[in-house]
1. Under the rule of -39500 (n - 2.57) per DSSP H run of 4 or more residues, summed and divided by the residues of the chain, what mean residue ellipticity at 222 nm is obtained, to the nearest 500 deg cm²/dmol?
2. Ranking request for peptides 286-298, 191-203: highest mean number of other beta-carbon atoms within 10 Å first, then the rest in descending order.
3. If R0 is 45 Å, what FRET efficiency do you get for Ser58 and Arg192 from their C-beta distance, rounded to 0.05?
4. By average Cβ neighbour count within 10 Å, what is the ranking of 68-74, 136-142 from highest down?
5. Could you work out the Kirkwood radius for the range 82-132, taking every pair of different alpha carbons, averaging 1/r and inverting it, reported in Å?
6. Ordered by residue, what ³J(HN,Hα) values in Hz, to whole numbers, does the range 213-218 give under the Karplus form 6.51 cos²θ - 1.76 cosθ + 1.60, where θ = phi - 60° and Gly and Pro are x?
7. For the range 237-252, take each phi angle, set θ = phi - 60°, evaluate the Karplus expression 6.51 cos²θ - 1.76 cosθ + 1.60, and give the result in whole Hz per residue in order, putting x for glycine and proline.
8. Evaluate the range 196-243: find the radius of gyration of its Cα atoms, find its Kirkwood radius, and give the ratio Rg to Rh.
Amino acid sequence: MKREGGGALRRAPGNPILTRSDLPDIPPRLVDATSVFNPGAVKAGGLTYLMLRVQARSRETFLVMAESADGFLFAVRPEIVDLRGIGSLRERVYHVYDARITPLEGAYYVMSAMDMEGGCGLGLARTDDLREFRFLGLTSTDDVRNGVLFPEKIGGLYLRLERPNRARPEGGPTTGSEIWLAGSDDLLAWRRIGPVMGGRFHYWDEYIGSGPPPVRTRRGWLHVYHGVATHFGSASIYQAGVVLLDLRDPTKVLGRSRGNILEPREPYELCGQVPNVVFPSGLVVEEFDAEGYALPSSPVRVYYGAADTAVGLAVTTVAELVDAAGDDPQWGQT
Ligand code: BMA
């Protein structure tokens with residue numbers, strides 16, 4: 001029998017690890033949840049935490065926390081995350097979703113997409129205990145999504161990757177084909193520094209966006225992203241890929257996977273609220289060396305949304321991801 005694989009990410013045996021039936025009712029707003037997907041992830045104090053995107057029959061979006069001792073079996077907290085202070089924003093916020101969690105300077109920062117009147121913005125919240133969340137503000141000025149903070153300052157600046165939404169394929173939401181690096185002195189006001197990478201039209205990653213926060217390895221910043229193929233006409237295909245960025249200047253791409261490393265193949269990825277989607281949004285590395293670089297042999301868990309309906313988990317190692325990113329960074333670009 002042909003071996004399933006080739007991609008650096010292997011699905012966990014218990015997949016999908018969370019479905020709507022794992023969601024407790026949280027009345028009155030969240031009863032009989034419709035879907036749970038695109039989780040942010042972080043490991044803290046020996047536990048793995050997920051910040052889940054949950055939808056109700058009203059199609060309202062809620063963030064809900066789940067936690068796990070082993071990173072595979074999760075208990076969902078029966079409460080909706082309250083981003084304290086978000087109510088004082090002048091703009092009306094319809095949905096807060098696709099949280100990316102970054103440990104930074106002893107706290108945890110949550111960068112989320114926010115659907116508002118004029119498009120999508122990036123909101124930032126902070127927590128010290130993954131229980132109480134304080135909303136710090138809207139941190140963007142144009143239509144942008146997939147914002148992820150680096151876990152440390154580089155060259156005296158806070159950095160993030162972000163994807164300006166400059167395209168709207170027919171019938172779809174606004175999207176984009178470039179990931180940019182942006183810098184900030186205070187985490188609230190950001191300015192774009194330069195483009196990092198573009199979509200490869202005609203291939204698997206035509207439109208692109210950052211996945212989970214980058215991981216520091218001795219070979220560079222390891223970054224899992226998503227790519228969307230649109231050229232099949234009928235439906236877009238969301239897949240995962242990986243790049244290595246220069247440690248000191250993350251606008252420099254050192255390597256980029258030629259193919260995707262995970263694509264929709266299982267029924268729960270092929271069918272659902274939005275078919276043909278794997279959307280990586282959380283990543284946990286288990287082992288780091290004394291200087292804080294991820295160890296090549298370290299297990300890695302990547303949490304992803306499957307068909308905007310369930311949560312999947314794929315496992316790999318740092319070395320396998322680095323290898324997968326080792327392909328020609330220029331391929332498909334010229
Ligand atoms: C993107 C985002 C994601 C979603 C994906 C597939 O544009 O909206 O939240 O998972 O589309 O629908």
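1. Working: 2 runs with 11 residues, N = 334.
Here the helix-only value at 222 nm equals -500 deg cm²/dmol.
2. Working: 286-298: 13.8, 191-203: 15.9.
Listed from highest to lowest mean packing, they are 191-203, 286-298.
3. Given R0 = 45 Å and the Cβ-Cβ separation, E is 0.80.
4. Numbers: 68-74: 15.1, 136-142: 17.7.
Top to bottom by mean Cβ count within 10 Å: 136-142, 68-74.
5. 11.6 Å
6. Rounded to whole hertz, the list is x, x, 10, 7, 10, 5.
7. These are the phi-based 3J(HN,Hα) values: 10, 9, 10, 10, x, 9, 10, 10, 10, 4, 5, 8, 10, x, 7, 8 Hz.
8. 1.06
Each value in this text was obtained by applying a stated rule to the coordinates, not by laboratory testing. None of these values were measured; they are calculated from a predicted model. Heads up, the Cβs are rebuilt from the backbone with ideal geometry, glycines too, and the neighbour counts pull from every protein chain shown.
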